[in-house]
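**Student:** What follows is a single structure, and I will ask about it in a moment.
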Amino acid sequence: MSNKREMAIKRRRRFIILVCLVFLLIVGIIVSIVSCASKKVSKKKTEKKSTTTSSEETVSVSSNEDIISSSSEIISSNESVVASKVESVVASKVKSKVEVTGNQLDKNYQNILLVNEKNPLPESYDNEVSPYLVKIDADLRNNNNNTMIHSGVYPYLSAMVRAAQREGVNLKVLSPYRSYAYQKRLFENQVRSVGGDEAKAATVVARPGTSEHNTGLCVDFNIAEDEFESTPMFTWLSKHGEEYGFILRYPKGKQDITGIVYESWHWRFVGIKVAEKMNDEGICLEEYVNKYAK
Ligand SMILES: [Zn+2]
């Protein structure tokens, strides 16, 4: 009787062990199937991703004819090196493009935005420019009233002023951006003070929208007086201004074209390439725009 019972217990044990082994085997098979499937999915994803990247590159390439010809030559060779080679061609083109244009403002020619009596800004320009205005650091300016400048200009302005200061030249921003509304108030006050004669008032204070300061692209430095011409700041700017994209906006001998008398303190950002070209040719912004932007 006891032998039979022992036999029954042994059989039960064997059965349980067998069930456990079968269970483990099934679990093992399931795990291996799942891991294999997930590997396949991730491989497919990677393949898809690399295809997308190279097609994106091709799109950006297609915008430039020079690159198309060079990239098609590359594509005809080994496919596996296409992506990296196209990428390097694009990178070199982008780099040269950045060097040529110089800054974000160039994209819509805002760097050569011409503002004068004949080309006034609309009153709505305040709303257009205000999202782009940034505050000039306190160590770069000598006033606390007008402190804003166009964000596209600021990296160049700050680099220029800091470079001058490092060389012991105490260059400081006196007057950067002024709003249309501010200019309007100034002009209306002037008109009142001369008995309502707008033309007479305009000889002293620019009409609203006709001051370049309404653009946020120019700066008066240190002192807005003729004596600025004989300061080390002016000498430094004359030598290095164009390296940072700034030009003397109202030079001597150009008054009949600019409509503004010589102002040694008023410097306008136009971008490095344009500044160099204007200085090389000895032309003012009106002449540059007339010659190259029409
Ligand atoms: Zn000015």
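**Student:** Go through Val289, Tyr109, Trp236 and say which Cα lies farthest out towards the positive end of the charge dipole of the range 104-292; charges sit on Cβ, +1 for Lys and Arg, -1 for Asp and Glu.
**Tutor:** Working it through, the farthest residue towards the positive pole turns out to be Tyr109.
**Student:** Here is a further query. Given the pairs Lys200/Lys294; Lys118/Lys294; Lys135/Lys294; Lys172/Lys239; Lys184/Lys239; Lys200/Lys291, which span a C-alpha to C-alpha distance of over 27 angstrom in this model?
**Tutor:** Lys200/Lys294; Lys135/Lys294; Lys184/Lys239; Lys200/Lys291
**Student:** Sorted by mean Cβ packing within 10 Å, highest first, what order do the peptides 7-17, 127-137 take?
**Tutor:** 127-137, 7-17
**Student:** Now for a different question. How do 259-267, 182-190 rank on mean C-beta neighbours within 10 Å, highest first?
**Tutor:** 259-267, 182-190
**Student:** Something else about it: Grab the Cα-Cα distance for Glu229 and Gln165, subtract it from 0.36 nm times how many residues apart they are, and report the gain in nm with one decimal. Mind dumping the intermediate values first?
**Tutor:** Values: separation 64, 0.36 × 64 = 23.04 nm, distance 1.78 nm.
Once the chain is fully extended between Glu229 and Gln165, it gains 21.3 nm.
**Student:** Here's a follow-up. For the range 204-259, state which trypsin sites (Lys or Arg not before Pro) are in a DSSP loop and have at most 13 other beta carbons lying within 10 Å of their beta carbon. If you can, show how the numbers build up before the last one.
**Tutor:** Numbers: sites: Lys239, Arg249, Lys252, Lys254; in loops: Lys252, Lys254.
Answer by residue number: Lys252.
Rule-based calculations on the coordinates, nothing more; no lab input. Not measured: the values here are computed from a predicted model. Cβ atoms come from the backbone with ideal geometry, glycine included; neighbour counts cover every protein chain shown.
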